[in-house]
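The values are calculated or read from the model by the stated rules, or taken from the named source; none is laboratory data. Keep in mind that this is a model prediction, so the values were computed, not measured. Here the Cβ positions follow ideal geometry from the backbone for every residue, glycine too, while neighbour counts run over all protein chains shown.
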Amino acid sequence: MPALTLDISYLEWPFFEPKHRVLQASLDAWAREHIAQTHGADVDQACRDLVAQLAAGGWLQHAIAGRAYGAAEQQIDTRAICLIRETLARHAGLADFAFAMQGLGSGAISLFGSELQKQNYLAKVMQGAAIAAFALSEPEAGSDVAAMQCSANLVDSAEGGHYVLNGEKTWISNGGIADFYVLFARTGEAAGARGISAFIVDATSPGLEIAERIHLMAPHPLARLRLTNCRIPVIQRIGEAGQGFKVAMATLDVFRTSVAAAALGFARRALAEAMQRATSRKMFGQTLADFQLTQAKLAQMATAIDSAALLTYRAAWQRDQGKKVTKEAAMAKLVATENAQQVIDAALQMFGGMGVMSEVPVERLYREIRALRIYEGASEVQQLIIAREMLKDHAALAATVTAAVQDTI
């Protein structure tokens with residue numbers, strides 16, 4: 001990575017503790033030495049290598065929870081996860097992806113898994129010995145989780161119980177290289193989202209196959225999965241039957257915020273590239289930075305980044321205080337990803353024709369940021385989540401006020 005000037009004054013914000021500042025500085029130094037871009041590389045192998053590197057560096061200790069399994073903290077530290085993702089994304093998008101999927105793919109086990117499940121999987125995730133994946137989306141059920149069709153039917157209850165899974169999952173990150181999938185299927189306890197359960201499905205399970213590998217503009221391992229009479233022991237269910245939606249949403253409340261942090265990392269890298277370009281590019285007897293139009297654009301970029309960062313680390317801090325952050329996480333993801341798209345577009349524009357050359361940093365950032373506005377809930381879905389949470393809060397407040405007035409009568 002070129003020597004770029006980076007403003008890290010945000011680390012002095014009161015959202016962070018001293019340990020977070022030490023973590024960011026240590027990771028940044030490590031990443032400069034160990035993380036390189038993988039131009040034209042075998043993406044599957046590159047991801048495997050990155051997981052191994054992150055494990056060897058000790059960074060995957062932050063992707064899981066529970067010191068008994070090798071985690072850095074007893075509980076998930078959302079601010080640490082966000083700082084790690086932001087820092088890795090600034091260095092290399094694929095490194096951020098490798099870390100994020102180890103966390104997202106095992107997050108449900110950290111939050112809701114049984115002791116046996118934690119023993120069997122979390123240490124392996126932390127050691128880089130098992131690659132994790134999160135399988136929620138389906139061909140007809142992306143943002144609308146309640147439309148899920150993949151089924152899990154309970155059989156052989158006299159023998160301890162098995163579920164038989166049938167259906168498809170798609171847009172599954174790490175699909176094709178994962179050693180296990182945290183997979184969601186309809187078990188039918190109730191209609192809609194209340195009839196879904198979560199399972200750990202090992203990649204070697206008979207009946208599970210990779211139906212299709214999916215290729216993206218910013219390459220990373222992605223696949224469509226097919227399950228055909230795939231038998232999973234009941235002990236592989238995460239949490240109670242019918243609680244899968246709760247498991248998924250609690251996991252996403254952590255990692256949706258970290259998507260915002262990854263967007264911040266991309267945006268900060270773009271701004272640093274733009275600052276270097278603007279102050280060194282000679283035009284009409286002066287530098288690009290001397291033009292008022294450029295100065296205005298740089299100001300807009302910096303403001304967009306700081307506003308997104310405030311929302312991101314507010315959500316992370318609130319979750320670490322034990323508060324519900326469904327609305328705050330949605331706000332962070334919406335603003336951070338949309339703002340990062342604008343910042344990166346502006347940076348690319350400053351590079352002119354060079355900006356669209358393959359694998360120039362701003363061109364790569366332009367490809368990498370686009371998917372973040374879609375996955376783990378598209379921007380339009382985040383708007384719906386925010387509005388619904390606002391309406392719930394409004395109704396609850398109105399009921400409280402009404403009750404208080406009645407008590408005074």
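Among the numbered criteria (1) within 17 Å of the chain's Cα centre (by Cα); (2) of a type in the set (Val, Ile, Thr); (3) over 30 Å from Cys82 (Cβ atoms), which one does Ile172 miss?
Here Ile172 meets the rest and fails (3).
Got a sec? Which of Leu104, Leu111, Leu83, Leu88 is modelled with pLDDT of 95 or more, over 27 Å from Ala340 (Cβ atoms) and part of a helix (DSSP H, G or I)? Quick ask: steps written out before the conclusion?
Numbers: Leu104 fails: over 27 Å from Ala340 (Cβ atoms); Leu83 fails: over 27 Å from Ala340 (Cβ atoms); Leu88 fails: over 27 Å from Ala340 (Cβ atoms).
Exactly one of Leu104, Leu111, Leu83, Leu88 is modelled with pLDDT of 95 or more, over 27 Å from Ala340 (Cβ atoms) and part of a helix (DSSP H, G or I), namely Leu111.
Before we move on, is Phe134 surrounded by fewer than 24 Cβ atoms within 10 Å (Cβ to Cβ) and within 20 Å of the chain's Cα centre (by Cα)? Break it down stepwise before answering.
Numbers: surrounded by fewer than 24 Cβ atoms within 10 Å (Cβ to Cβ): no; within 20 Å of the chain's Cα centre (by Cα): yes.
Spelling it out, it is not the case that Phe134 is surrounded by fewer than 24 Cβ atoms within 10 Å (Cβ to Cβ) and within 20 Å of the chain's Cα centre (by Cα).
Do any residues in region 322-338 that are in contact (Cβ under 8 Å) with a residue 60 or more places away in the chain and within 13 Å of Leu384 (Cβ to Cβ) have Cβ atoms under 6 Å from those of residues that are surrounded by 24 or more Cβ atoms within 10 Å (Cβ to Cβ) and of a type in the set (Gly, Ala, Ser), where the two are at least six apart or on different chains, and which pairs are they?
Correct list of pairs: Lys333/Ala260.
Check whether at least one residue in region 156-163 is of a type in the set (Ser, Thr, Tyr), surrounded by 20 or more Cβ atoms within 10 Å (Cβ to Cβ) and without any contact (Cβ under 8 Å) to a residue 40 or more places away in the chain, and report yes or no.
The first filter runs over region 156-163 and keeps only residues of a type in the set (Ser, Thr, Tyr), leaving 157, 163.
Filter again for surrounded by 20 or more Cβ atoms within 10 Å (Cβ to Cβ), leaving 163.
Then drop every residue that is not without any contact (Cβ under 8 Å) to a residue 40 or more places away in the chain, which leaves none.
Among the residues of region 156-163, not one is of a type in the set (Ser, Thr, Tyr), surrounded by 20 or more Cβ atoms within 10 Å (Cβ to Cβ) and without any contact (Cβ under 8 Å) to a residue 40 or more places away in the chain, which makes the answer no.
Out of curiosity, is Phe184 in contact with a strand residue (DSSP E or B) (Cβ under 6 Å, 6 or more places away or on another chain), of a type in the set (Phe, Trp, Tyr), in contact (Cβ under 8 Å) with a residue 60 or more places away in the chain and surrounded by fewer than 24 Cβ atoms within 10 Å (Cβ to Cβ)? Outline the logic, then answer.
Numbers: in contact with a strand residue (DSSP E or B) (Cβ under 6 Å, 6 or more places away or on another chain): yes; of a type in the set (Phe, Trp, Tyr): yes; in contact (Cβ under 8 Å) with a residue 60 or more places away in the chain: yes; surrounded by fewer than 24 Cβ atoms within 10 Å (Cβ to Cβ): no.
In short, no.
Going through region 39-80 one residue at a time, which ones are among the hydrophobic types (A, V, I, L, M, F, W, C), in a loop (DSSP other than H, G, I, E, B) and either farther than 21 Å from Ser173 by Cα or touching a Ser or Thr at 6+ places or on another chain (Cβ under 9 Å) (or both)?
So the first thing to find is which residues in region 39-80 are among the hydrophobic types (A, V, I, L, M, F, W, C), and the list is 41, 43, 46-47, 50-52, 54-56, 59-60, 63-65, 68, 71-72, 76, 80.
Within this subset, residues satisfying the condition of being in a loop (DSSP other than H, G, I, E, B) are 41, 63-65, 71-72, 76.
Selection gives Ala63, Ile64, Ala65, Ala71, Ala72, Ile76.
Taking region 293-308 only, how many residues are in contact (Cβ under 8 Å) with a residue 12 or more places away in the chain and over 18 Å from Ile8 (Cβ atoms)?
Summing the residues that are in contact (Cβ under 8 Å) with a residue 12 or more places away in the chain and over 18 Å from Ile8 (Cβ atoms) in region 293-308 gives 3.
Only one residue in Arg388, Arg367 is assigned to a helix (DSSP H, G or I) and either within 22 Å of Arg85 (Cα to Cα) or among the acidic types (Asp, Glu) (or both). Which one?
Working: Arg388 fails: either within 22 Å of Arg85 (Cα to Cα) or among the acidic types (Asp, Glu) (or both).
Of Arg388, Arg367, the one residue that is assigned to a helix (DSSP H, G or I) and either within 22 Å of Arg85 (Cα to Cα) or among the acidic types (Asp, Glu) (or both) is Arg367.
For Ile305, only one of the following conditions fails: (1) of a type in the set (Val, Ile, Thr); (2) farther than 30 Å from Thr279 by Cβ; (3) in a helix (DSSP H, G or I). What is its number?
Every listed condition holds for Ile305 apart from (2).
Could you grab me the full set of residues in region 134-165 that are touching a Pro at 6+ places or on another chain (Cβ under 9 Å) and in a strand (DSSP E or B)?
Restricting attention to region 134-165, the residues satisfying the condition of being touching a Pro at 6+ places or on another chain (Cβ under 9 Å) are 149, 160-163.
Passing the criteria: His162, Tyr163.
Of the residues that make up region 328-349, is at least one within 27 Å of Ala135 (Cβ to Cβ) and of a type in the set (Lys, Arg)?
Yes, there is a match, as at least one residue in region 328-349 is within 27 Å of Ala135 (Cβ to Cβ) and of a type in the set (Lys, Arg).
Quick one: in region 347-403, of everything that is surrounded by 14 or more Cβ atoms within 10 Å (Cβ to Cβ) and β-branched (Val, Ile, Thr), which residue is farthest from Leu311 (Cα to Cα)?
Among those that are surrounded by 14 or more Cβ atoms within 10 Å (Cβ to Cβ) and β-branched (Val, Ile, Thr), it is Val360.
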